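S.K.: Handing you this structure, nothing more for now.
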Amino acid sequence: FGLFYLLAFLSLEHPAKFLVPAVTDGCSMVACCSALLIVILEKRAEELLRCGRVYAVITAPIILYYCIRFYLPSADYYSNNLGVLSYMPLAYCSLTICILLFLDATLFPCPRGKWGAAAWVDFFLFVLYAAAIPLSGTRGAALCLLFFSLLLPFFFWKEKKALCFPAAALCAILLFSTVLAPAQNSNRMTSAVEETVSTIVKPTEPTEPTEPTEPTEPTEPTEPTEPTEPTEPTEPTEPTEPEKPSGIWGLLSYENMDAVAEIVQKADPSISDNPLNHISETAYGIAPLALERGDITEAEYARLMDMAEYLTRSSWGGRLFLWICAVRAIQAAPLTGHGALYYQDQYGTYPHNYFLEIATDFGLIAMCAVLALGLYTFIQLIRRSQNDMLLKAWLLYVFTSLPCYMLSTSMYAASAFDQMGFCVVLLIYLKSPRSAGRETAHALKNA
């Protein structure tokens, strides 16, 4: 992974653009990986989890206020932030705390199947933090929490009382997204499901059955008619406007995206970069004036507004748009890619998919190599985690983040680099002869 990022750095047109996040996120990465190596290899997880519980107790009043304030009469239901803290890092921080609380309650306070006071504290704190995740409105963190609750029975099936945690997580997602959601956000879960279904399944309008027609009588043969005189050619008609696209896939078709890009360029000729990066600001800012001047037609204005409204009202719509743009970029250079940070330079954001960004910037060969390395690493770590609860806990944390990789993570993010890189380092260490000798020494010492 270090070599991979070094190649990315050397292939940049402006290396300074990559240098600042490499230094800042790199320090965080080294600190996290070093701490986790100490925790897992030196068997000091109990101290780490105890610190997580203390942190959760201290911050519980803040999270409780965050959950209650959605139901206050004076609350702004469309503002999910808590002071200077944005709702998204708050949700993912709550997810990490939930995992630490579960591990603290499962691995140490109840080794004989009986919960003590600390385990019950962990459980109630878990319920509080799990409720904060769906209230935040972050679908990515809610999906990770859902994935976490589905994985728990497979990772810790021997600990029967641990099943209380996935049940609590599922109840929090269901209740605080529907029944107990704030008044103006009560239909958030229903709208998300309907949007997902309409994206996957294209609805078809039922056709009315036609009535059977009566058989016609055979007609007598007609006499041949005389040849008619040639008609004069008609004058050419003006080209008609293309039909307005309908449905999600009509909006996101290549033809419609190209047409919208041309409309954006016509409305604002000063745009020098990719016009698709300026759809919303052009539609809501410059397009009405361009329509009054006659630079664009009514049909073009309607087409641009349809795309802008779809991208702004739907998180799924924005992601589908970004993924389709990534697929088009991959088709242009499938094997080698376009170079580091190409996608972010083109569209001003990342494609919200870890593997699509690798394929766009470095090609399908690099994406397949990273995917193969990840699958091999995970398979080997799963095999070795059968008798190691700490390794199993680490894998649970990594697998819980998989929805985030597919929906919202960039390949240049420090969190993705931490988890993937640490898994590779851990596997190399466990397969080394030094690790085998160390395990034998620990076994002899315990004996």
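S.K.: With a point put 7 Å past each Cα toward its Cβ, work out how far residue 37 is from residue 179 in nm, to one decimal.
M.R.: Between residue 37 and residue 179, the label points sit 4.9 nm apart.
S.K.: Want the number for residue 349 to residue 316: 0.36 nm per residue separation, take away the alpha-carbon distance, what's left?
M.R.: Roughly 10.3 nm would be gained on extension.
S.K.: Using the reciprocal of the averaged 1/r over all distinct C-alpha pairs, how large is the Kirkwood radius of segment 121-176 in Å?
M.R.: In segment 121-176 this quantity evaluates to 11.3 Å.
S.K.: So, by mean Cβ neighbours within 10 angstrom, what's the order for 264-270, 114-120 with the highest one leading?
M.R.: 264-270, 114-120
S.K.: Given segment 328-403 reduced to its alpha-carbon atoms as identical point scatterers, what log10 I(q)/I(0) does the Debye formula return at q = 0.28 Å⁻¹?
M.R.: Log10 I(q)/I(0), no solvent term: -1.19.
S.K.: With r as the distance between the Cβ atoms of residue 115 and residue 388 and R0 = 22 Å, compute the FRET efficiency 1/(1 + (r/R0)^6) and round to 0.05.
M.R.: With a Förster radius of 22 Å, E is 0.40.
S.K.: Now a separate question. List, in order, the whole-Hz ³J(HN,Hα) value for each residue of segment 120-125 obtained from phi through the Karplus relation with A = 6.51, B = -1.76, C = 1.60 and θ = phi - 60°; use x for Gly and Pro.
M.R.: Per-residue couplings from phi come out as 5, 4, 4, 5, 5, 5 Hz.
S.K.: With labels modelled as points extended 7 Å from the Cα through the Cβ direction, what inter-label distance (nm, one decimal) is found for residue 425 paired with residue 160?
M.R.: With each label point 7 Å from Cα toward Cβ, the separation is 4.1 nm.
S.K.: Scaled to the compact-protein estimate 2.2 N^0.38 Å, what is the alpha-carbon radius of gyration of segment 242-325, rounded to two decimal places?
M.R.: That works out to 1.00 for segment 242-325.
S.K.: To the nearest 10 square angstrom, how much accessible area does residue 376 have with a 1.4 angstrom probe?
M.R.: 110 Å²
S.K.: Between residue 30 and residue 402, how high is the FRET efficiency from 1/(1 + (r/R0)^6) when r is the Cβ-Cβ distance and R₀ = 25 Å? Nearest 0.05.
M.R.: Using R0 = 25 Å, I get an efficiency of 0.55.
S.K.: I'd like the FRET efficiency for residue 51 and residue 88, computed as 1/(1 + (r/R0)^6) with the beta carbon distance as r and R0 of 35 Å, rounded to 0.05.
M.R.: In this case the efficiency is close to 0.90.
S.K.: May I ask you to work out the translational diffusion coefficient for segment 279-424 at 25 °C, viscosity 0.890 mPa s, via Stokes-Einstein with Rh from the Kirkwood sum over Cα pairs, reported in whole µm²/s?
M.R.: 139 µm²/s
The values are calculated or read from the model by the stated rules, or taken from the named source; none is laboratory data. Because the structure is a prediction, the values reported are computed rather than measured. Counting neighbours? That spans all protein chains shown, and the Cβs are built from the backbone with ideal geometry, glycine included. Each accessible area value is taken on the protein alone, full model and side chains, heavy atoms only, with ligands, DNA and RNA left out. Shrake-Rupley method; radii C 1.70, N 1.55, O 1.52, S 1.80 Å.
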